[in-house]
Amino acid sequence: MLATLVVLSSMTATACAGGDGAAEAASTPSPTLDTPTAPDGTVPPPVTHSPAATAGPVLEWAPIWDASERVSVGLPAGAEAFESTVTLNDGSEIAVTGYAVSDDEGAIAFEIATAPSPRDGVEWYLDMLLEQGGVDIENSTVRPVEVGGRAGVDAELVLGDGVLMLLRVLPLDGDHEVLVVDTIGPSTERERLESEFARLTIGTFFA
C-alpha cells in the first residue's frame, strides 16, 4: 500500500480511537540542511507538522536522493525509507519505493511507482490511487504541469473525514515509471499543507 494511504488509514484509526495526535520521533536519523530554494532564491513560509500550526515545531528539511540517484527531493529531517507492492484489481502489481515522514496528523513523502508495462501518460497513477485507496473522494482537481520538459499533473484530492491530499506526478524513466511528491493532512490546515507542497515541488531536482 502507498505510504500516504497507510498514513490516511492511521489518521482514521486514531480518530476512531480518540488518539491525542502526538507524533513519534522518527527512528532513522537524517541530515538537517538548509531548506531547498527556488532558482531565484525564494522559499515558501516556514511550515510545521503539528495540529497547532502556530505553536508547532518548524521542520528542518534535507535533500534525499532515490536509490538510483536519478532524482533528489527535499523532505523534513527524519524521513524513513519504505517499499511496497500494490496489487491491482486485474492482478498486476505496482512496485512503490520512497521516503516519508509522518505522524497521526498526516505525511510528507516522495515515491517512485513502477508499472509492469507501459502506460499512457501519468494519470494511471491517480487512477490506481483512487481505485486501490479504499477511501471516499469528495472532490478532485487535476491540472497539467511541465517540469524540466517532463509533462505531468498536479492534483488536489479532498477525501472523506476532512482530509486533504496535494500531489505532483511526473514521468521518471520511460512511460511506466513515475515520481510522486505529496503531502496529506487535515483540510483545516490547508495553509500548512500548501506550504509543504510548495517546498516539495521547489526542492525536486533531476540528475
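The values are calculated or read from the model by the stated rules, or taken from the named source; none is laboratory data. Computed from a prediction, not measured in an experiment: that's the story for all the values here. With ideal geometry, Cβ positions are generated from the backbone for all residues, glycine too; neighbour counts draw on all protein chains shown. Heads up: the accessible areas ignore ligands, DNA and RNA and are worked out on the full protein's heavy atoms, side chains in. Shrake-Rupley method; radii C 1.70, N 1.55, O 1.52, S 1.80 Å.
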Worksheet entry | Between the range 156-207 and the range 60-114, the alpha-carbon center distance in angstrom | 11
Worksheet item: Does the range 107-207 classify as rounded, prolate or oblate by the C-alpha gyration tensor (a ≥ b ≥ c root eigenvalues; a/c under 1.5 gives rounded; else a/b over b/c gives prolate, otherwise oblate)?
Response: oblate
Item to complete: Can you work out the accessible area per residue across the range 57-132, with the rest of the protein chains kept in place, probe 1.4 Å, in square angstrom?
Response: 43
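What is the gain in length, in nm to one decimal, between SER68 and PHE205 on full extension, counting 0.36 nm per residue of separation less the C-alpha to C-alpha distance? Numbers along the way, then the final one.
Details: separation 137, 0.36 × 137 = 49.32 nm, distance 1.35 nm.
Roughly 48.0 nm would be gained on extension.
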Practice prompt. Work out, step by step, the length gained on full extension between ARG150 and THR87: first 0.36 nm times the residue separation, then minus their alpha carbon distance; give nm to one decimal.
Written response: 20.0 nm
Discussion item. If the only charges are +1 at each Lys and Arg Cβ and -1 at each Asp and Glu Cβ, what is the size of the charge dipole of the range 62-206 around the Cα centre, to the nearest 20 debye?
Written reply: 460
Discussion item. Out of the total accessible area of the range 62-206 (probe 1.4 Å, heavy atoms of protein only), what percent is carbon and sulfur?
Written reply: 46
